[in-house]
Amino acid sequence: METILLLVAAEEDGGLGKPALEAATAARELAARLEGAKLLAGIFGAQAGRAGAALAGAGFGEALLVEHESLARARFATDAAACQALVAASGASLVLAPATSRLQRVLAAVSARCRGAVDTHATALGAESGAVHATRWFYRQRMVGRVSRERRPWFLSLEPGVFAPHAASGDLVSRPVPAPLPESRTRVEGLRSPSSGAQTIRPDAPLLFVAGAGWCKKQADGLAHVSEAERLILGFLGKSGASLGGSKSVVDQKGEGGALSFLTHLNQVGQTGSTPRHAKGLATCCHGEEPHTVGWRFVSGRRAVNLDANCGWAQGKADVLYVADAFKVMARVNELLAG
Amino acid sequence: MPVFHVVVCGGLVPDPLQTLEPVQGPAGWGLKNESMLPAILDPWAASALFEADSLARANPGSRVWLVSAAPKAKLQQVLMALAQKAAFELVAVDAQAGGFSDAAECASALAAAVNSIAGLDRSRLLLFGGWESASRGAGATLAILGEMLGISEQFQGVDQASPKPDGSLEILERVEGGRHQVSLLSAPPALLGWATGSLPEPPNNPQVGMLNMRSAMPALQKAAPSRLTGGGLALSSVELPSQRRDTRVVKDMPEDQVAREIVEWIAEK
Amino acid sequence: MTPSQPEFQRPSMRADVVCVGFGPATAGFLMTLTQGLAGADGAPALESRVMPGAPPQVLCYERADDLGYGVSGVVTRGRGLKESFPGLDFGSLPLYSEVAEEQVLYLLDPLGASRRPALVRAADRLLKSLPFLARDHAFRLPYVPSFLHKKGGFTFSLGQFNQWVGGLLMSTGLAQVWPASPVAGALIENGRVEGVRLADQGVDARGNLEPGYLPGMDVRAALTVVGDGPVGQVGRQLDRHFGLPKGAQRHEWAVGMKAVVELSPDCPLKPGTVIHTLGYPEPEIFGFLYVYPNRLASAGIFVPSWFDNPGRTAYRYLQHWMQHPALWRHLRGSEMKSWGAKSLLESGIRGEPFLVGDGWARVGENSGSTNVLTGSGVDEAWTTGVQLGRAVVELWRRGLPFDRENLEKAYVRRRRSSWVEREGRAGRKARDGFQKGFVQGMLGMALTGFSKGLLGWPGRPLQPHQRVPTLEKYAAGRLDAAQAAELRRQSQAGGRGVHDGLMDAAGWPRPTLDGRLLVSHQDALLKGGKVRASGRYADHVVILKPELCADCGEKVCVDMCSGQALTPGADGVPVFDREKCVHCGACLWNCAKVAEPATGQTNLDFRAGAGGLHSAEN
């Protein structure tokens, strides 16, 4: 019989983030498939007590809390100690956590402390005859596998954007858990946005705009038009509210013709970049085969604008490919959006 | 000026440009023609190595070790592409570790290798590696290794680590929304799982390469074999996603009309 | 910033031997050398000449990003290879298969689009009238001529083999082979080669200094071994500096383009099957299909410099060749796993340059080792490397300097008395007839082959630019002058070559892409054999005199570019995109303009550059 602990961090305002609420749904659904499973929540943070309310109605027996000022911000030493205490207090055999930067930072180490096993970035959970399995991607989203383990506690982090977020209803009983929080040599100073100007990465945007290396290449007139490309792309991001991704080649670009000044490695999707989740994706001036296109593996509706009808970014991967000059198209798109 | 002892852990992964296909063999899941696929040092571990090299050069007296668990022949091959780019002392573990290996089991093999490093000053230790790998992509091995080595300060998704004259480091970790969390680490030891960092790939320096190979070849020859058995990870299936979409290719449509279609599509709920 | 500023002092180091390029020739050299340098216990038995007391310092610099990246479909009798590895189970090498069955197919033209001389057309009509002779529009020669067959030979992956040898070499600790290290040129001082200079890093495409500039190192060595292939920068530099021996010429070339394909499960071809083809898609284009184990096969064509077509292209012809009914019945349902192309120096022994000089020696294809009659090059290249390896060990042991005289005695003499030389000489007239035409060429090959080199069809080889016809002349009868001019204009405006227009006019149907074997040219670059280019180096394809290009009506460089890396350019000067360059070097000899009449240097230079194909499956 499994005891499932949902491990989440309270936000600074005492709420729970969307990935945590999604993980709550996953935990509830898994518990429903396992006969006799016990479902608990473990919350840590400076305002952990207030956060429990957001989990009400999801079938949790109770919420275990580690609440302390030093948990206001993510920091390995204190977060790991809090998580360890919650797992120990729960007696959990399965520990589920959202794969946020905060939980990902500590989960594997805590699994080692608890002499458990860990798998991360699960995109689905299931159970057959009482045996739990998880689905996750391997080799940068190039292949998908189903994993299971005998060892307990088994720690699993869940990819954000996969499950529907839980909507709270009713109350949830909570219980503080003592956790000796260690001294740390790390002092968290705060958050910093890239200094390169506008914030272009918007995980919650419905649309991902992917810029490819073609934007910086020589056009039909034999010249590169990088500043025009910058103007068009930033103009579009401003009007559409889209998040900006870049192919590896455009992010890496330098030298001849210059590169898009506002793109950093944080924007990179695919290969060694991110694989963000958005409802729609518009790829422009991208070209590449399978390894490159994993960047929009988790984008639902996909369209592309490219001069090559056989573009690997699009053929068999996009819903629609417009064989057209992206400079002209995006200029007109911006006009239409402005109008 | 501070002195660091940087241990960089990094595995080998197939050149990301290759086409990959899973196959199940007697020893479990692997990649089709795995031994024939060109390999590289994991891209994030490579970032870590380049950052380590830069840190060591800026702080004289510092040392850099590269700990890697991989089949010897592959490791030797990858070294030739790598050894001209950064100065390091190689610690090799002869093991077949890939995307379907267990993170904790790999961490154990690496821990034994790190513990065997002569002259490593734990009070100066910075344990570097990639925050994830291009094979498992779990972000677990390095963290578990850190735990095994008793390192209580860990950072993941690091893009920058700037040492101060007093030996402290300002560390930038990637968090949601394209932002960085800024922390001040007063002193090593610490673990830093690197994202891409901020350094370009270093040029090939033949002198660095010659120097590296003097120690790397003996290290390869005495690489301890380590057999990874799966660490309790069971994979009931691995498959390529069925991903072909029926792409509608629109040619010869005026740009104005293309733009209108796109704007309408964006507006759709 | 200028390179003369003190902070940009060029670093330098010393070595005993430095090699340029790691292909089969250098591999054979290093294998033999390291065996000779090692004592019975594997430790060095000889000491360094430049650093007395230290073990020998043997270095090799390879342009590609890894050892064994590149392309070559190999079927070989493997005599030299077998001799070098007497106890080796060759069957353990990837994609190894003994030659089991060999066929030569003469392909008829099922589409009527091919440009066939009258005699060929007559022969075709005859064969077509006798359907029992020609199956699937192909006539199988009743036997494989003795000079062509590979009986007792084997197919294997050259890429995998090079990686394997590279690993062996490195593990001896007696040689270091460095990939991703292009050599800019040889250091020639007072008539002696003193070593090599590696390419500068931290420069933009045009070679201008950028932040992070790192001058290429001078590697000074007692002996420089040049094995950088047919279009290698250093080999050509030596030719420019020292000239060619009297009577030597390097006018005949070809592009070999091939794909490694996975055959469909129902393909009945057995591993070890070798098919040679001729006659289609154009009579000048030869093809090959080698079947490996695990349903893998190499399928490709050669497009020669004497195919007088200003819009010659390898990729589209490869697609038509694959779809010939006699091949399509094997290739239908297969999938392209990787792809690649390379130049072949088809002058063979006729193009033999000076093999040695003070401080230097040459091995492999750039030394004229390819046998143009037997169509064999890898084993010959390997063997020349072995010969030099033995020579160097001998000189090292005897304490003799690596000067011209000693290298002549120890290396060139070995080479002259070997089968490589003997067979190369027997084949030297084999291709002359092709200078006159396809029929004369075939007759000439047969004459040379059966007479063991005594006879041939006379023909004086011309440089490619001396024989390439104008677009108007080539298209005569299919396009009038106005249509040819329009095709040229469209090519310029569309940023592409003229070959599609020419082939459309000739009646070649545009290939219908199936996304598996028949894929777009750019997708082929991404299939297994992907292309990478480091941004740290200057462009390696350089137009010397742009004004010559502006006047050039036949931009063969664009059409023959294996990766579509050269496009016409708005002002008529071709634009180079190194991210598509597979380093085949075809642009060098396909350029239709001469920049330096004295040396025959075309207007397009092919220099040291990093990157290229990322594939070791070949």
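What the table shows:
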item	result
Exclusive hit being at pLDDT 90 or above, open to solvent by less than 60 Å² (accessible area, probe 1.4 Å) and either part of a loop (DSSP other than H, G, I, E, B) or within 14 Å of chain C (Cβ to nearest Cβ) (or both), set B:231, B:209, B:197	B:209
In the stretch C:398-407, the residues that are charged (D, E, K, R), out of contact with any strand residue (DSSP E or B) (no Cβ under 6 Å at 6 or more places or on another chain) and either surrounded by 14 or more Cβ atoms within 10 Å (Cβ to Cβ) or over 16 Å from residue C:192 (Cβ atoms) (or both)	C:398, C:403
Conditions (1) away from chain C (no Cβ under 14 Å); (2) surrounded by fewer than 24 Cβ atoms within 10 Å (Cβ to Cβ); (3) under 19 Å from the mean Cα position of the chain (by Cα): number failed by residue B:74	(1)
Of residues in the stretch A:137-162 being among the polar types (S, T, N, Q) and more than 7 Å from chain B (Cβ to nearest Cβ), the one surrounded by the fewest Cβ atoms within 10 Å (Cβ to Cβ)	A:141
Some residue of the stretch C:510-521 being more than 10 Å from every other protein chain (Cβ to nearest Cβ), out of contact with any His (no Cβ under 6 Å at 6 or more places or on another chain) and among the hydroxyl-bearing types (Ser, Thr, Tyr)	yes
Filter result for residue A:135 (of a type outside the set (D, E, K, R) and under 20 Å from residue B:44 (Cα atoms))	no
Test: residue in the stretch A:187-198 that is among the hydrophobic types (A, V, I, L, M, F, W, C) and either in contact with a helix residue (DSSP H, G or I) (Cβ under 6 Å, 6 or more places away or on another chain) or in the same structural domain as residue A:325 (by TED's automatic domain parsing) (or both)	no
Qualifying positions in the stretch C:598-610 - within 16 Å of the chain's Cα centre (by Cα) and crowded, with 23+ Cβ neighbours inside 10 Å	C:606, C:608
Members of the stretch C:176-225 that are facing another protein chain (nearest Cβ under 10 Å), polar (S, T, N, Q) and within 25 Å of the chain's Cα centre (by Cα)	C:176, C:181
Hits in the stretch B:3-20 (condition: open to solvent by 20 Å² or more (accessible area, probe 1.4 Å), within 14 Å of another protein chain (Cβ to nearest Cβ) and either free of Cβ contacts under 8 Å to residues at least 12 places away in the same chain or more than 16 Å from residue B:39 (Cβ to Cβ) (or both))	B:19
Contacts under 9 angstrom Cβ, first residue in the stretch C:354-381 being outside the structural domain of residue C:421 (by TED's automatic domain parsing), partner crowded, with 24+ Cβ neighbours inside 10 Å, 6 or more apart	none
Identity of the residue in the stretch B:234-269, in a helix (DSSP H, G or I) and of a type in the set (A, V, I, L, M, F, W, C), that ends up farthest from the other protein chains (Cβ to nearest Cβ)	B:267
Lone qualifier among A:103, A:107, A:125 - being more than 10 Å from chain B (Cβ to nearest Cβ), under 24 Å from residue B:178 (Cβ atoms) and among the hydrophobic types (A, V, I, L, M, F, W, C)	A:103
Failed criterion for residue C:569 (all others in (1) assigned to a loop (DSSP other than H, G, I, E, B); (2) on the phi < 0 side of the Ramachandran plot; (3) surrounded by fewer than 24 Cβ atoms within 10 Å (Cβ to Cβ) hold)	(2)
Check on residue C:582, crowded, with 20+ Cβ neighbours inside 10 Å and β-branched (Val, Ile, Thr)	yes
Qualifying residue in the stretch C:104-122 (condition: away from chain B (no Cβ under 14 Å), assigned to a loop (DSSP other than H, G, I, E, B), in contact with a strand residue (DSSP E or B) (Cβ under 7 Å, 6 or more places away or on another chain) and at pLDDT 95 or above)	yes
Out of C:306, C:321, sole residue that is touching a strand residue (DSSP E or B) at 6+ places or on another chain (Cβ under 6 Å) and either assigned to a strand (DSSP E or B) or in contact (Cβ under 8 Å) with a residue 40 or more places away in the chain (or both)	C:321
Check on residue B:160, open to solvent by 10 Å² or more (accessible area, probe 1.4 Å) and away from every other protein chain (no Cβ under 13 Å)	no
Criterion violated by residue C:326 - all others in (1) open to solvent by less than 10 Å² (accessible area, probe 1.4 Å); (2) closer than 18 Å to residue C:561 by Cα satisfied	(2)
Some residue of the stretch A:306-325 being at pLDDT below 95, assigned to a strand (DSSP E or B), touching a strand residue (DSSP E or B) at 6+ places or on another chain (Cβ under 7 Å) and more than 7 Å from every other protein chain (Cβ to nearest Cβ)	yes
Failed item, numbered, when residue B:122 is tested on (1) open to solvent by less than 10 Å² (accessible area, probe 1.4 Å); (2) out of contact with any Phe, Trp or Tyr (no Cβ under 7 Å at 6 or more places or on another chain)	(1)
Test for residue C:469: is it touching a residue at least 12 places away in the same chain (Cβ under 8 Å) and either outside any loop (DSSP other than H, G, I, E, B) or open to solvent by less than 30 Å² (accessible area, probe 1.4 Å) (or both)	yes
Residues within the stretch C:253-276 that are within 20 Å of residue C:340 (Cβ to Cβ) and surrounded by fewer than 22 Cβ atoms within 10 Å (Cβ to Cβ), tallied	2
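The values are calculated or read from the model by the stated rules, or taken from the named source; none is laboratory data. The model shown is predicted, which means the values in this text are computed figures rather than measured ones. All Cβ positions, glycine included, derive from the backbone under ideal geometry; neighbour counts span all protein chains shown. In case anyone asks, the SASA skips ligands and DNA or RNA and just uses the protein heavy atoms, side chains included. Shrake-Rupley method; radii C 1.70, N 1.55, O 1.52, S 1.80 Å.
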